[in-house]
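One structure is given here, and the rest of the page talks about it.
The values are calculated or read from the model by the stated rules, or taken from the named source; none is laboratory data. Since we're looking at a predicted model, the values are computed, not measured. Glycine also receives a Cβ, built like all others from the backbone with ideal geometry; neighbour counts cover every protein chain displayed. All accessible areas refer to the heavy atoms of the entire protein, side chains included, with ligands and DNA or RNA removed. Shrake-Rupley method; radii C 1.70, N 1.55, O 1.52, S 1.80 Å.
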Amino acid sequence: QESTLEELMAVLEARWGQALFTTPLGRSIKHFMDKLSGIRYEFHPNVPLDQHPQKVCDLKLDVGIAPLLDDEFNRHKSCIKYYEYAMSGAVTLASHVVPYSSEVPITAKNNRESWKRKLEEVLQADRTKLYRQQRDWVLAHRNIEKNVELWEQVFAGDRRSCAVQAEEMSPVLEAY
């Protein structure tokens, strides 16, 4: 569903009240939304967790971007966005930071020029081929049915054996 800037502001105001826009976070949101003025975009409200996979697929994305700041907190995240995008039919372009730098083949340095250049490359490339390569890699290396032994070992506390198997099973997809 396409939303206008005014509709999005109304949703935020209805949920948190006008006072939201007097807080530092609210001012940042307002500043960001002012920057969106004149840019075509879509706003999709949150959905219940069990509806999330279908919602991602329903978006029919060509390219899924996963920007991530390189900090201690983010280095402990997973590549879940990559997996979601790959399974929904989108090519993933992510920040060249852990966790993405170890699995996602198309990454950009965290600066404007790198993101712009990489996005242009992806848009000009054969995205069907790239998407299929990424999806096939996720299915081969991050499929719970194929990796069930690793999960069983983790739950059993056998970290060493699990780490050895994970190293053998997780070759990084060749970079684009």
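How large is the accessible surface per residue of the chain, computed with a 1.4 Å probe and reported in Å² as a whole number?
Values: 12190 Å² over 176 residues.
Spelled out: the 1.4 Å probe surface of the chain, per residue, equals 69 Å².
Just the projected area, averaged over all directions, of the convex hull on the alpha carbon atoms of segment 41-95: how many nm²? List each step's numbers first, then the result.
Details: hull surface 17.6 nm².
Over every viewing direction, the Cα hull of segment 41-95 projects on average to 4.4 nm².
Amide H to amide H under 5 Å from A66: which residues, 5+ apart in sequence or cross-chain, H placed 1.01 Å off N in plane?
L93, A94, S95
Once each part is reduced to its C-alpha centroid, what is the distance from segment 9-55 to segment 118-132 in angstrom?
29 Å
Can you tell me the dipole magnitude for the chain around its Cα centre, using point charges on the Cβ only (Lys, Arg +1; Asp, Glu -1), in Debye to the nearest 20?
Numbers: 23 positive and 26 negative charges, 83 e Å.
Computed charge dipole of the chain: roughly 400 debye.
State the answer as a single residue: which of W115, V56, Y100 lies farthest towards the positive end of the charge dipole of the chain, with beta carbon charges of +1 for Lys and Arg and -1 for Asp and Glu, about the Cα centre.
W115
Test of understanding: what is the full-extension gain from T128 to V11, defined as 0.36 nm times their sequence separation minus their Cα-Cα distance?
38.6 nm
Apply 1/(1 + (r/R0)^6) to the Cβ-Cβ distance of D136 and S101, taking R0 = 22 Å, and write down the FRET efficiency to the nearest 0.05.
Efficiency, from the Cβ-Cβ distance: 0.65.
About the Cα centre, and with charges only on the beta carbon of Lys, Arg (+1) and Asp, Glu (-1), how big is the dipole of segment 58-133? Nearest 20 debye, please.
It comes to approximately 140 debye.
Rolling a 1.4 angstrom probe over the protein chains, ignoring ligands and nucleic acids, what is the accessible area of I80 in square angstrom, nearest 10?
90 Å²
How much length is gained on full extension from F73 to H31, taking 0.36 nm per residue of separation minus their Cα-Cα distance?
Numbers: separation 42, 0.36 × 42 = 15.12 nm, distance 2.55 nm.
Stretched fully, the F73-H31 segment lengthens by 12.6 nm.
Give me the net charge for the shell around V97: Cβ to Cβ below 10 angstrom, other residues only, Lys and Arg +1, Asp and Glu -1. It would help to have the intermediate numbers written out before the result.
Numbers: positive: R75, K77, K109; negative: D70, D71.
Here the charged neighbours net out to +1.
Show that you can apply the helix-only estimate: for the chain, add -39,500 (n - 2.57) for every DSSP H stretch of four or more residues, divide by all residues, and state [θ] at 222 nm to the nearest 500.
Here the helix-only value at 222 nm equals -15500 deg cm²/dmol.
Determine which residues of segment 53-85 fall in the zone a paramagnetic label at K109 would reach in this model, i.e. backbone nitrogen under 18 Å from the point 7 Å along Cα→Cβ.
Residues 67-71 fall inside that zone.
Shape of segment 27-127 from its Cα gyration tensor (a ≥ b ≥ c, root eigenvalues): rounded if a/c is under 1.5, otherwise prolate when a/b > b/c, or oblate?
Details: a/c = 1.20, a/b = 1.07, b/c = 1.13.
It comes out rounded by the Cα gyration axes.
Could you look at the chain and say what percent of its accessible area is carbon and sulfur, using a 1.4 Å probe and all protein chains?
55 percent
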